[in-house]
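Trainee: Encoded as structure tokens, here's the structure I'll be asking about.
The values are calculated or read from the model by the stated rules, or taken from the named source; none is laboratory data. Given the structure is predicted, the values throughout are model-derived calculations rather than measurements. Every residue, glycine among them, receives a Cβ derived from its backbone with ideal geometry; neighbour counts consider all protein chains shown.
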Amino acid sequence: MKILITIFLLCSSVVAQELPNAPSTVQPPKSPPKFFTMSRPKISEPMRTNQEVILSKSFLGAHVAWLGSAIFTVEMQHAHPYCVAPASNSTATRAVLYSQTLAPLLLSIADWAASKYVWQPASLIAPVTYIVKNLQSGVQWSTECK
């Protein structure tokens, strides 16, 4: 009988207390994604600021090297106009050669956007491609001279 009374007293003390509130089903707010997604039409928050993109060593170095390779190609074509392609426009001025060679540098805008919004190494694809192309072209002008 003592055991039943003890159990009854313990249960009555628990029932007299206030029950805790049920856990909440409210989810914490989701943070915006930090990568490119197809489901969102606008990316509200860029991954990097303009200053971080333009002053990053990889972006700046790749585009300076790209500009240097373009200058190398133009100067080799201007110095040896008849070496590789005698049927080509051998009387082209430096201005024409530079305008033809530097036109792909407008892709720097796309590189900037890729570095700012998508993935920083994506901004190195075009510069590396054109560096290789320009260096091959410039070396070809100098080595295949008769």
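Trainee: Would you pick out the residues in the stretch 127-146 that are within 12 Å of Leu67 (Cα to Cα) and crowded, with 18+ Cβ neighbours inside 10 Å?
Mentor: Within the stretch 127-146, Pro127, Tyr130, Ile131, Asn134 meet the criteria.
Trainee: Let me ask you something else. Only one of Val74, Val84 is at pLDDT below 80, over 24 Å from the mean Cα position of the chain (by Cα), within 27 Å of Ile131 (Cβ to Cβ) and crowded, with 16+ Cβ neighbours inside 10 Å. Can you tell me which?
Mentor: Exactly one residue qualifies, and that residue is Val84.
Trainee: List every residue pair whose Cβ atoms sit under 9 Å apart, with the two residues 6 or more apart in sequence or on different chains, where the first one lies in the stretch 133-144 and is basic (Lys, Arg) and the second, anywhere, is at pLDDT 85 or above.
Mentor: Filtered contacts from the stretch 133-144: Lys133/Ser69; Lys133/Thr73.
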